[in-house]
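A.B. asks: Submitted below is the structure of interest, expressed as C-alpha cells.
The values are calculated or read from the model by the stated rules, or taken from the named source; none is laboratory data. Just so it is clear, the structure is predicted and the values come from calculations on it, not from any experiment. With ideal geometry, Cβ positions are generated from the backbone for all residues, glycine too; neighbour counts draw on all protein chains shown.
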Amino acid sequence: MSARAAETHRSARSAAASSKRLRFPGTTMNKLLCCALVFLDISIKWTTQETFPPKYLHYDQETSHQLLCDKCPPGTYLKQHCTAKWKTVCAPCPDHYYTDSWHTSDECLYCSPVCKELQYVKQECNRTHNRVCECKEGRYLEIEFCLKHRSCPPGFGVVQAGTPERNTVCKRCPDGFFSNETSSKAPCRKHTNCSVFGVLLTQKGNATHDNICSGNSESTQKCGIDVTLCEEAFFRFAVPTKFTPNWLSVLVDNLPGTKVNAESVERIKRRHSSQEQTFQLLKLWKHQNKDQDIVKKIIQDIDLCENSVQRHIGHANLTFEQLRSLMESLPGKKVGAEDIEKTTKACKPSDQILKLLSLWRIKNGDQDTLKGLMHALKHSKTYHFPKTVTQSLKKTIRFLHSFTMYKLYQKLFLEMIGNQVQSVKISCL
C-alpha cells in the first residue's frame, strides 16, 4: 500500500471512531436537521429558478459546445439560433400568423379562420394572439355550435345565468319561493308576505304561484302615484317650469281660487326638489279648487288623457324581468330590484309601469319622464323588449306629444299668473 493510500485509510478510521464517540442530544439534532433541510430547499429553488428571457440549450457545431440561447418572445419566430458570438435572432410573425408565448419554433401559427354562424369576433387576430370568437348574446358554445341558453320553466328559477361558455342552470323553487314565468334570467322570487301589507292570506302560494292576499284598499293606496304621467306632461307644457328664485311664491299668489296655505308651501319646499315643487303645488291647488269650472275642465281632460295612456300601456302586463329591463333602459339613476319587487306586490299589473316611471322621475331629480321613455325606446333592441312593449311605448309617446289640451291651457295659465313670469321661458316636450 502506498503512503498516500495508507494515510487516507487512517483518516477514514479516525473519522469513523470520532463519529462513534460524538453524541448529540435529541433537541440539538432536530435543529441541525431542520436547518439542513431549509438550506437544501433554498439551494434547489435557486438552481431551478426561471431566468429571463427564458433560455434553451443549443448545440453549436462551430465550437462543439452546448450554449444557453434566449427564446423568442410572443409575436416572433426563431430566425437563427445563438452562437458563441451572436445572440438569438428573432423576426416578427407575418400577417395572419401569431405566437402567444416564449418559444423556440422557426414558424408562427396560422390564425383561426373566420368565426362561425351566430358568433362574433371578441378579439381580432394579431401577432401575439389568435382570433377569439364568442357566441352571441343569449347563446353558448356546445362542441361546434352556438346553442340558445336554456329557459327555466315556471316553478324553476335561474341559479346560474348562461354565459358564452356554459348553459343556464335552473333549479326548482324551494318552499317560500316561486317563479310564474319562463325565463333564462329570472331567479325564484319570495312569496308575498300579506301581513306586511295589512291584508289576509287567502290562498297559499306554491312553486309556480305567489301567495294571494285578500283585497284591501290599503294595497291600492300603497301604489299611489304622486304625479301621474299625464299630470306631469300637462304641468310641464301648460305651465312654465323654468323658474325664477321666487317662482313658487309667484304661482301661489297668482293662481285663482282657494290659495295654498303657507304651511303647505313650506312642506312642499322641504320635501321636494325644485321642479317637483311646481308639480306638487299645482296638484294641491287642483285638489283644493276641484269645484271651480276651470279646474273641473282640467281634471276632466287629465282623466281623458290617463284613460288613453292606460289603453296604450296598461295592458302590457310585464314580468318582473321585463320590468327590470325597462328600468335598466332608462338613463340616469336606476330603479332597483327591491323597488320593482315592492311595486309588483302593491300595484295592479296595469299600474306597475306608471308607478315605476314615477319612481324613476323622482330618483333622478324630476327628469322628464317622456324623454326617458324616448331614450328607452331608442335602446329597446339592446334590452330585448317584447314587440308588444315597444309598440305600447311608441303609442304612449305619440299620444302625449299630440294631446291638444296642453296648447289650450298654456295661454290660460300665462294669463292667470300675470306679467311677473313673462321672462320665464316655456319648457316644452
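A.B. asks: Here are LEU284, LEU251, LEU304: which of them is modelled with pLDDT of 85 or more and farther than 27 Å from THR344 by Cβ? Walk me through it before giving the result.
C.D. replies: Values: LEU251 fails: modelled with pLDDT of 85 or more; LEU304 fails: modelled with pLDDT of 85 or more.
Step by step, each of LEU284, LEU251, LEU304 is checked, and only LEU284 is modelled with pLDDT of 85 or more and farther than 27 Å from THR344 by Cβ.
A.B. asks: What pairs come up if the first residue lies in the stretch 295-324 and is closer than 20 Å to THR388 by Cβ, the second is aromatic (Phe, Trp, Tyr) and surrounded by fewer than 18 Cβ atoms within 10 Å (Cβ to Cβ), and their beta carbons are under 6 Å apart, counting only those six or more places apart or on different chains?
C.D. replies: What qualifies is SER308/PHE399.
A.B. asks: When the residues of the stretch 369-390 are filtered to those that are modelled with pLDDT under 85 and closer than 24 Å to CYS305 by Cα, which remaining residue is surrounded by the fewest Cβ atoms within 10 Å (Cβ to Cβ)?
C.D. replies: Let us first name the residues in the stretch 369-390 that are modelled with pLDDT under 85, namely 379-389.
In the following step, the residues that additionally are closer than 24 Å to CYS305 by Cα were identified as 387-389.
Details: LYS387: 8, THR388: 12, VAL389: 23.
Ranking the qualifying residues of the stretch 369-390, first place goes to LYS387.
A.B. asks: Further, regarding this structure: Across the stretch 99-121, what is the total count of residues that are β-branched (Val, Ile, Thr) and touching a residue at least 40 places away in the same chain (Cβ under 8 Å)?
C.D. replies: Going through the stretch 99-121 one residue at a time, the tally reaches 1.
A.B. asks: Could I ask something else about it? How about the stretch 278-370: which helices (runs of 4 or more DSSP H) wholly inside it have at least 1 residues that are in the same structural domain as PHE235 (by TED's automatic domain parsing) and farther than 21 Å from SER179 by Cα?
C.D. replies: Of the helices (runs of 4 or more DSSP H) lying wholly inside the stretch 278-370, those with at least 1 residues that are in the same structural domain as PHE235 (by TED's automatic domain parsing) and farther than 21 Å from SER179 by Cα span 293-313, 320-329, 349-363.
A.B. asks: Also, I was wondering about something else. Out of everything in the stretch 59-115 that is among the aliphatic types (A, V, I, L, M) and within 26 Å of ASN130 (Cβ to Cβ), what residue ends up being surrounded by the fewest Cβ atoms within 10 Å (Cβ to Cβ)?
C.D. replies: Looking at residues that are among the aliphatic types (A, V, I, L, M) and within 26 Å of ASN130 (Cβ to Cβ), I get VAL114.
A.B. asks: Let me ask something else about it. From (1) surrounded by fewer than 16 Cβ atoms within 10 Å (Cβ to Cβ); (2) touching a strand residue (DSSP E or B) at 6+ places or on another chain (Cβ under 8 Å), pick out the condition that doesn't hold for CYS146.
C.D. replies: Tallying (1) surrounded by fewer than 16 Cβ atoms within 10 Å (Cβ to Cβ); (2) touching a strand residue (DSSP E or B) at 6+ places or on another chain (Cβ under 8 Å), CYS146 fails exactly one: (1).
A.B. asks: Then there is this: Taking the residues in the stretch 317-342 that are of a type in the set (A, V, I, L, M, F, W, C) and in contact with a Lys or Arg (Cβ under 8 Å, 6 or more places away or on another chain) as candidates, determine which candidate is nearest to LYS378 (Cα to Cα).
C.D. replies: MET327
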